[in-house]
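**Student:** Got a structure here, written out as C-alpha cells. Questions coming.
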Amino acid sequence: MSNKIKIKKALISVFDKKNILDIAKFLVSQNIEIYSSGGTYKHLKENKIKVIEISKYTNSPEILDGRVKTLHPKVHGGILAKRNFPKHLKELKKNKINLIDLVIVNLYPFKKTVASKSSFKKCIENIDIGGPTLIRASAKNFEFVATVTNPGDYEKIIDEMKKNKNNISKKTRSGLAMKAFNEISLYDMDISNWFSKKGNIKNQNFVLQSKIVKKLRYGENPKQKAAIFKNTSLLNNKNSFFNMKIIQGKELSYNNINDMQAGCLLADDINAPCVVIIKHANPCGVSKNNNLLEAYKKAFMCDPVSAFGGIIIINGNINKKLAEEISKTFVEIVVGKKISKEAKDIFQNKKNLILIETKSFKIFKPSREIKSMSDAFLIQTPDNFYSKKNNLKFVTKKKLKLKEINDLLLAEKICKYVKSNAIVYVKNNSSIGIGAGQMNRLDSAKIGSEKAKRFFNKSILKGSFVASDAFFPFPDSIDVFGKFGVKAIIQPGGSVKDIEVIKRANKYKIAMAFTNMRHFKH
C-alpha cells in the first residue's frame, strides 16, 4: 500500500452543497482537475469553478431523468484501478480512462424525505444509486483513492494537502474509507426499514443503528468505560430522553441516566401528580397526590435512609416550599416539569445537586430493551402493561369496592419497576414498604413490612394493599401479610400452590386479585 497518494484528479457529486465551494476552489488553485455531474456540476459552474462535466468526459449523456449519471466504466475504471498493477494501467490507457484520486460524495436525503412524509414516489426517487456506488468503489480502493462523504472533513483534507504537497496519507485514507462504509451501511438500513414498514413486513434481522454522541466519565463503576450512543434514525427526535433541560449541576453519569429513566417511566405510568424517589434503579418511595409537597413527604417517609443521595422525579411543578423541603436532605438529582425561580434560587445553594426540567414524561418510553451477551443480544419489548379495574379477577371470598382498588393498582405499577423478587406495600396513594431484589419472595415480604414498621409505625400495615411481581410459590408470604392486617393482594396467579395461597388469604380475610400478568425485572 502506498503511504501517500498525490491528488491530481477529483470527482465531486454532492446533494448537500455545504462548504463544497471551499474545497473545490482549493482543488482548482492546485491545478487539480474536477469532474462533476447534474446539480453539482451546475452549482460549481455558476460559481465560476473550472469543472469538466462527466457526460462530456464519458461521451455518454445522463439518461433516465438523471437516474444514470456516473455509472460508467470511464468513471469507475478510473476509481477502481490498482496503480501498482501494470495490467490495470494498460487497460486504462487503451480505453482512454483517467485515474481519479479523490472522490467527494454525499447522498440524496432519503431519511429526511421519509421524515417529511413525502409521497411513496418521491421517497423511491431519493434512494441514491450512483452516490453509494461511487463511495463503495473509492473506499474499496482506498490504497490509491481518498473518499470524502462528510462536509465536516473538507477542512481537514485541505489542511493535509497543503502540508503535504497535495498528498493524502494512508492513515487518513483508511479512516475516510471506514467512515464511508459506515455511511453506506446506515443509509441502506434506513431504506430497508422503510420498505419493512411500508410493506408491513417484519424484518427478522436486528441491526443496531447508533452513533456515539457523548463519552461518559465512566460506567457503573470507575473502572468501566461508558458512552451514550443514539439511534441514528432518531438523532433529531424531539421526544428524546436527552432533550431535557439541565438547570444546574455536573454532567449526568451512566448510573444517573439509568436511574432517571426508571423513575420517569414509573411517573409516566402513574400519569398523575406524583413523586418518585429512585435509588440504584429501584423505587424507594412513591406517592400520588395533587399536593406535591405532601406527596414528597410521604414518598420520602417510605424509606428516608435509602432516599439519601437518591434521585427525585416529580410529575408536576416544583415551587419554593417543595424546594425547601427537598433541600433538607442530600439528593443527587431533582427532575420536575417546571421549576419556579424561587425554587431554583434555593437549589442553587446545593452545589452538588443536578437540577433538570422536562416538559413531559411521555418521552421516556423505549421501544425495545437490549442486553448484550458474550456473542449475542437479548432483545425484548418493554413491559408497558399493567392492570385495570375491569380486568382484575378476585379469587377470594372477600372482594374490594371499586374505590378501594386504586391503591392496589398503584402498588402493581410501583412493583413493575422494583427488582425481582418484589413486594410493594401501599396505603392512601403512597408506598409504605418495598422489598426488592431478594432470591425468594418471603424475604421481600418481610423486608418490605420491616421497613414500613421502622419508618412509620407498627400499625401502618393494617388495611394496606400489597403487590407481588410474580405468583406466590408457597402460602408463607400470606402469613406475613395476614399477621399485619393487609387488606388486599394483587398478583399474577398461576402457581401450582394457588389453591393453598387462596385458602390462606381467606383465612386472614384478605381480598386477592389475579392479573395473569407477571412483572419480573432482572
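The values are calculated or read from the model by the stated rules, or taken from the named source; none is laboratory data. The structure displayed is predicted, hence computed values, not measured ones. Cβ atoms come from the backbone with ideal geometry, glycine included; neighbour counts cover every protein chain shown. With ligands, DNA and RNA removed, areas are computed over all heavy atoms of the protein, side chains included. Shrake-Rupley method; radii C 1.70, N 1.55, O 1.52, S 1.80 Å.
**Student:** Which trypsin sites (Lys or Arg not before Pro) in the stretch 119-188 sit in a loop by DSSP (not H, G, I, E or B) and have at most 10 other Cβ atoms within 10 Å of their own Cβ? Write down the numbers at each step before the final one.
**Tutor:** Values: sites: LYS121, LYS122, ARG136, LYS140, LYS156, LYS162, LYS163, LYS165, LYS170, LYS171, ARG173, LYS179; in loops: LYS165.
Hits after loop and neighbour filter: LYS165.
**Student:** Length gain on complete extension for the stretch ASN84 to ASN182, per 0.36 nm per residue less the alpha carbon to alpha carbon distance?
**Tutor:** Details: separation 98, 0.36 × 98 = 35.28 nm, distance 2.72 nm.
Once the chain is fully extended between ASN84 and ASN182, it gains 32.6 nm.
**Student:** Same structure again: Report, in deg cm²/dmol and to the nearest 500, the calculated mean residue ellipticity at 222 nm for the chain, where each DSSP H run with n ≥ 4 adds -39500 (n - 2.57) and the sum is divided by the residue count. Could the numbers behind the result be given before it?
**Tutor:** Numbers: 19 runs with 195 residues, N = 522.
It comes out at -11000 deg cm²/dmol, rounded to the nearest 500.
**Student:** Something else: Each label point is 7 Å from the Cα along the Cα-to-Cβ direction; what then is the distance between the points at TYR386 and ASN352, in nm?
**Tutor:** So the two model labels end up 3.2 nm from each other.
**Student:** How many nm is it between the label spots at LYS56 and SER360, if each spot is 7 Å from the Cα in line with the beta carbon?
**Tutor:** 5.5 nm
**Student:** Quick one: accessible area per residue over the chain, 1.4 Å probe, rounded to a whole number of Å²? Let's see the in-between values first.
**Tutor:** Numbers: 27820 Å² over 522 residues.
Accessible surface, normalised per residue, equals 53 Å².
**Student:** Okay, moving on. Counting only DSSP beta bridges with both residues in the chain, tell me the antiparallel percent, nearest 5. Walk me through the numbers on the way to the answer.
**Tutor:** Numbers: 38 of 68 bridges.
Of the beta bridges lying entirely in the chain, close to 55 percent run antiparallel.
**Student:** What's the carbon and sulfur percent of the stretch 129-215's accessible surface, probe 1.4 angstrom, rounded to a whole number? Intermediate results must be reported in sequence, preceding the final value.
**Tutor:** Values: 2560 of 4990 Å².
Percent of accessible area from carbon and sulfur atoms in the stretch 129-215: 51.
**Student:** Run the dipole for the chain about the Cα centre, Lys and Arg Cβ at +1, Asp and Glu Cβ at -1, nothing else charged, and hand back the magnitude in debye, nearest 20. Before the final figure, lay out the partial values.
**Tutor:** Values: 96 positive and 45 negative charges, 68 e Å.
Using only the charged Cβ atoms, the result is roughly 320 debye.
**Student:** While we're on this one: Using a Förster radius of 56 Å, what is the FRET efficiency between GLU91 and ASN258 based on their Cβ-Cβ separation? Nearest 0.05, please.
**Tutor:** The value I calculate is 0.45.
**Student:** Please work out the FRET efficiency for the pair ILE246 and PHE195, using the Cβ-Cβ distance as r and a Förster radius of 41 Å; give the result to the nearest 0.05. All intermediate terms of the calculation are to be shown ahead of the outcome.
**Tutor:** Numbers: r = 39 Å, r/R0 = 0.94.
FRET efficiency, ILE246 to PHE195: 0.60.
**Student:** From the residues TYR425, ASN3, ILE313, which one has its Cα farthest along the dipole of the chain in the positive direction, the dipole being from +1 and -1 charges on Cβ of Lys/Arg and Asp/Glu about the Cα centre?
**Tutor:** Positive-most Cα among the choices belongs to ASN3.
**Student:** Between the stretch 167-204 and the stretch 35-76, what is the C-alpha centre distance in whole Å?
**Tutor:** 24 Å
**Student:** Turning to a different aspect of this structure: Can you pull out the GluC sites (Glu not before Pro) in the stretch 28-126 that DSSP calls coil and that have at most 11 other Cβ atoms within 10 Å?
**Tutor:** Listed in order of number, the matching sites amount to none.
**Student:** Could you order peptides 462-468, 10-16, 112-118 by the average number of other Cβ atoms within 10 Å of their residues, highest first? Walk me through the numbers on the way to the answer.
**Tutor:** Working: 462-468: 23.9, 10-16: 21.1, 112-118: 13.0.
Ranked by mean Cβ neighbours within 10 Å, highest first: 462-468, 10-16, 112-118.
**Student:** Subtracting the Cα-Cα distance from 0.36 nm times the residue separation, let me have the gained length for LYS462 to SER29 in nm, one decimal.
**Tutor:** Details: separation 433, 0.36 × 433 = 155.88 nm, distance 8.62 nm.
My answer for the length gained is 147.3 nm.
**Student:** In whole percent, what relative contact order does the stretch 80-149 give with Cα contacts below 8 Å and a gap of six or more residues? Show your work: numbers first, answer last.
**Tutor:** Values: 65 pairs, mean separation 29.4, N = 70.
Once divided by the residue count of the stretch 80-149, the mean separation gives 42 percent.
**Student:** Still on this structure, please answer the following. Apply 1/(1 + (r/R0)^6) to the Cβ-Cβ distance of LYS8 and ILE228, taking R0 = 35 Å, and write down the FRET efficiency to the nearest 0.05. Could you put the intermediate results ahead of the total?
**Tutor:** Details: r = 42 Å, r/R0 = 1.20.
Calculated transfer efficiency: 0.25.
**Student:** Another question, if that's okay. Please compute the length gained on full extension between LYS344 and GLU325, using 0.36 nm multiplied by the number of residues separating them and subtracting their Cα-Cα distance.
**Tutor:** Values: separation 19, 0.36 × 19 = 6.84 nm, distance 1.32 nm.
Answer, rounded to one decimal: 5.5 nm.
**Student:** Work the Kirkwood hydrodynamic radius out for the chain: mean of 1/r over every pair of different alpha-carbon atoms, inverted, in Å. If you can, show how the numbers build up before the last one.
**Tutor:** Values: mean 1/r = 0.0363 Å⁻¹.
Taking the inverse mean of 1/r over all distinct Cα pairs, the chain comes out at 27.5 Å.
**Student:** While we're here: DSSP loop trypsin sites (Lys or Arg not before Pro) in the stretch 23-57 with at most 13 other Cβ atoms within 10 Å of their Cβ, which ones?
**Tutor:** On the way: sites: LYS25, LYS42, LYS45, LYS48, LYS50, LYS56; in loops: LYS48, LYS50.
In loop regions of the stretch 23-57 (DSSP not H, G, I, E or B), the sparsely surrounded trypsin sites (Lys or Arg not before Pro) are LYS48.
**Student:** Then there is this: Let me know the number of lysine pairs in the stretch 6-55 closer than 16 Å at the Cα, not counting same-chain pairs under 8 apart.
**Tutor:** 15
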